[in-house]
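Quick note: the coordinates plus some simple rules give every number you see, no bench work behind them. Just so you know, these numbers come straight off a predicted model, no measurement behind them. Note that we place each Cβ from the backbone using ideal geometry, even for glycine, and neighbour counts take in every protein chain shown.
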């Protein structure tokens, strides 16, 4: 998984980090979390609320929060932004009908000041 190849590049000050997985419903967030944990992905139910899975990587515990898309605008996600060390925006690229929805949600997400605190503009992609 690409996520685990990125982690060594992050300067981890603590031994535990929260990674927030967000995206539109049915984008594959839960599938990714299960795959990273080596779990079966043959049957997946929609996430209600959130799921937390911990992945041990070297000396770091990554607490991956799989958060459902509770409402339009992702305002429910705001409850999880503080003390988040990383954010993964998940996109189902086969769902071309929702391209505008994905764009709007990501645009709204990137407006969140709490995500940008302590980061320079060049750090956020």
Plugging the Cβ-Cβ distance of residue 98 and residue 52 into 1/(1 + (r/R0)^6) at R0 = 35 Å yields, to the nearest 0.05, a FRET efficiency of 0.85
If the chain between residue 15 and residue 31 were fully stretched, how many nm would it gain, using 0.36 nm times the residue separation less the Cα-Cα distance? 3.2 nm
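When a footprinting reagent is the concern and you count Cβ atoms within 10 Å, what order do 32, 52, 96, 44 take, fewest first? Walk me through the intermediate numbers first.
Values: 32 20, 52 11, 96 8, 44 15.
Arranged by neighbour count, lowest to highest, 32, 52, 96, 44 become 96, 52, 44, 32.
What does the extension gain come out to for residue 114 and residue 59, with contour length at 0.36 nm per residue minus their alpha carbon separation?
Values: separation 55, 0.36 × 55 = 19.80 nm, distance 2.70 nm.
Using 0.36 nm per residue and subtracting the Cα-Cα distance, I get 17.1 nm.
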